[in-house]
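All remarks here apply to the structure that follows.
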Amino acid sequence: MMNKRRIIIFLAILIIIALSIAGWFYLKSKISKNALIEIQAWPPSSKITLIGPKQAEKSGFLKIYTLPGHYQLKVSHEGYYDWNWETTLLAGDSLKEEVWLIAKNPPSEPFIKGEIVDFKISDSSQVIFWQKTDKDNYQLNIYQRPTKKTINIVSANNPPAWFKTSQKGDVALARFNLKTTVDDYLLKNGGYLFIDLSRTYLNKFLDISKRFENKLSELKNKKIVSKQASVDIEQLDFLNEIEKSLLIKTKDGLYLFKILDNELSRLYEGPTSAFFKTKDSLYFLDKDGRLNQYYFQSQELKKLSETSYLEEEKTTNLTSYQVVANNDGQRFLILTPQGRLFLLENNHSQLLAEKALKGLFSETGKIIALLENKIKIWPDEEIPIEKAKALSFFRDNKRVIIQKEDQLLFFDPINNETFSLSQGLKDGFYYEPGLNYLYYQKEDGLYLYSF
């Protein structure tokens with residue numbers, strides 16, 4: 001009796017398994033004959049319209065298995081520009097898109113009022129900015145968005161010529177080209193400052209230029225570097241934001257400066273291009289114009305190309321040469337002072353463009369270049385536009401945000417449409433893809449455009 005019951009249970013399980021497998025193959029065959037369309041729209045109340053062999057209309061989100069064929073998609077919302085797309089789907093194809101509509105009316109009021117000289121955004125969305133308060137006074141402030149509170153850090157009688165913050169937003173670097181008094185401290189010939197925004201590491205700030213000069217003198221006395229080694233800083237950046245160590249480039253060397261420990265070491269001797277830093281490596285052109293990689297952890301220097309990108313033989317000024325690395329550290333863009341843009345991949349060098357002003361990679365590895373009279377997205381997309389000053393990929397890595405003179409534009413290459421986001425821009429913009437926020441300056445303050 002027990003054995004008979006076990007046999008019945010076993011047969012039942014086999015039947016269930018067989019039916020499940022048959023159902024899976026049936027569903028797979030059905031799906032493989034169809035195409036999948038999945039659209040998530042923002043704002044969530046946007047209307048999604050599908051026209052084709054099968055038609056549908058949904059609010060906010062559409063997911064449908066449909067017949068192969070030619071389809072028209074439209075996402076619309078009152079007060080926003082429509083998003084349109086035409087595509088032909090074959091059996092088994094899938095189209096998955098997140099669509100952010102662009103508001104027709106930009107913000108009318110700045111969220112930080114006053115004359116903003118420069119600004120940065122931290123990972124925690126704090127706004128760190130220099131603001132002119134009167135004729136001879138500039139303040140470095142932190143605006144905390146959740147509380148809408150502004151905290152003053154330091155004051156100076158000149159604006160900084162260059163300014164950068166850590167990703168966390170707890171420290172900042174600033175360069176002053178003129179004789180400047182910061183709080184009560186005098187920079188006789190200008191110079192670089194390391195500013196503690198959080199008051200965690202220092203009381204206020206350190207004179208990087210002076211400290212670097214003193215530590216370099218010690219290396220000269222120990223004959224670790226030559227007596228002629230330059231003390232003039234040409235490029236400065238954070239290496240390790242936890243340890244607060246800095247990368248320094250002079251005209252004849254690269255250095256690592258552990259600022260809190262007051263320790264200086266040389267990474268490379270000789271003239272280099274402007275360096276490009278990733279999480280684990282440093283990339284630069286050496287004195288022969290060849291691309292090098294310096295591994296921070298192993299302290300190993302590796303030559304990545306035999307091609308020299310020097311436009312003049314035996315040049316010692318490489319600062320105007322620029323290097324950009326892709327996220328995976330396998331592809332590189334090299335921009336020369338004459339505007340020649342090269343792609344280096346697998347030790348193969350290819351000239352992409354002449355008279356380029358800027359080149360960069362998107363998060364997905366697309367190459368985009370700002371040229372004299374157009375913007376090019378490889379392999380074959382072009383945006384005819386003159387006098388463009390800055391650009392950034394949008395969150396979907398398809399559309400592009402562009403600053404043209406004092407206009408802020410949004411370009412959709414799929415529909416070949418350009419929307420105006422704002423006019424009267426004072427300087428550049430900052431786009432934060434994670435939160436989908438766009439910050440930009442105008443004469444009356446700092447604006448926030450939320451997609």
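For this structure, a couple of remarks:
- Residue within the stretch 235-253 that is more than 24 Å from I128 (Cα to Cα) and polar (S, T, N, Q) present: yes
- The listed residues are Q293, Q235, and the only one of them that is under 26 Å from N317 (Cβ atoms), out of contact with any helix residue (DSSP H, G or I) (no Cβ under 9 Å at 6 or more places or on another chain) and in the same structural domain as F129 (by TED's automatic domain parsing) turns out to be Q235.
- Test: residue in the stretch 28-40 that is at pLDDT below 90, surrounded by fewer than 16 Cβ atoms within 10 Å (Cβ to Cβ), farther than 21 Å from F451 by Cβ and β-branched (V, I, T): yes
- All positions within the stretch 282-309 that are farther than 13 Å from S349 by Cα, surrounded by 17 or more Cβ atoms within 10 Å (Cβ to Cβ) and under 24 Å from the mean Cα position of the chain (by Cα): L282, Y283, F284, L285, N292, Q293, Y294, F296
- Verdict on K389 being modelled with pLDDT of 90 or more, surrounded by 16 or more Cβ atoms within 10 Å (Cβ to Cβ) and under 30 Å from E443 (Cα atoms): no
- Of all residues in the stretch 348-362, those satisfying the criterion of being within 24 Å of T278 (Cα to Cα) and surrounded by 11 or more Cβ atoms within 10 Å (Cβ to Cβ) are S349, L352, A356, L357, K358, G359, L360, F361, S362.
- When V182, V225, V171 are checked against the criterion of being in the same structural domain as I116 (by TED's automatic domain parsing), under 24 Å from D280 (Cα atoms) and in contact with a Lys or Arg (Cβ under 9 Å, 6 or more places away or on another chain), V171 stands alone in meeting it.
- Subset of the stretch 130-169 [surrounded by 19 or more Cβ atoms within 10 Å (Cβ to Cβ) and in contact (Cβ under 8 Å) with a residue 60 or more places away in the chain]: S166
- Failed item, numbered, when T87 is tested on (1) modelled with pLDDT of 90 or more; (2) touching a strand residue (DSSP E or B) at 6+ places or on another chain (Cβ under 7 Å): (1)
- Pick from the stretch 255-273, criterion in a loop (DSSP other than H, G, I, E, B) and among the small types (G, A, S), ranking: nearest to the chain's Cα centre (by Cα): S273
- Any hit, the stretch 144-155, residues being at pLDDT below 95, part of a strand (DSSP E or B) and closer than 18 Å to Y430 by Cα: yes
- Residue match in the stretch 206-222 (condition: buried (at least 16 other Cβ atoms within 10 Å of the Cβ), within 13 Å of K244 (Cβ to Cβ) and not basic (K, R)): yes
- Single condition E312 does not satisfy, out of (1) outside the structural domain of G190 (by TED's automatic domain parsing); (2) within 26 Å of K220 (Cα to Cα): (2)
- All positions within the stretch 61-86 that are within 18 Å of L36 (Cβ to Cβ), surrounded by 16 or more Cβ atoms within 10 Å (Cβ to Cβ) and under 33 Å from the mean Cα position of the chain (by Cα): L62, L73, V75, W85
- Within the stretch 312-354, the residues that satisfy the criterion of being of a type outside the set (F, W, Y) and closer than 18 Å to G270 by Cα are E312, E313, K314, T315, T316, N317, L318, T319, S320, Q322, V323.
- Taking each residue of the stretch 411-427 that is in the same structural domain as Y439 (by TED's automatic domain parsing) and looking for partners that are part of a strand (DSSP E or B) and among the basic types (K, R) with beta-carbon atoms closer than 7 Å, six or more apart or interchain, yields G424/K442; L425/K442; K426/K442.
- Qualifying residue in the stretch 411-429 (condition: charged (D, E, K, R) and under 14 Å from L101 (Cα atoms)): yes
- Residue in the stretch 112-125 that is closer than 23 Å to G424 by Cβ, in contact (Cβ under 8 Å) with a residue 24 or more places away in the chain, β-branched (V, I, T) and part of a loop (DSSP other than H, G, I, E, B) present: no
- Of the residues making up the stretch 406-416, just one is modelled with pLDDT of 90 or more and assigned to a loop (DSSP other than H, G, I, E, B), namely D406.
The values are calculated or read from the model by the stated rules, or taken from the named source; none is laboratory data. Just so it is clear, the model here is predicted, and its values are computed rather than measured. Note: ideal-geometry Cβ built from the backbone for every residue, glycine included; neighbour counts use all protein chains shown.
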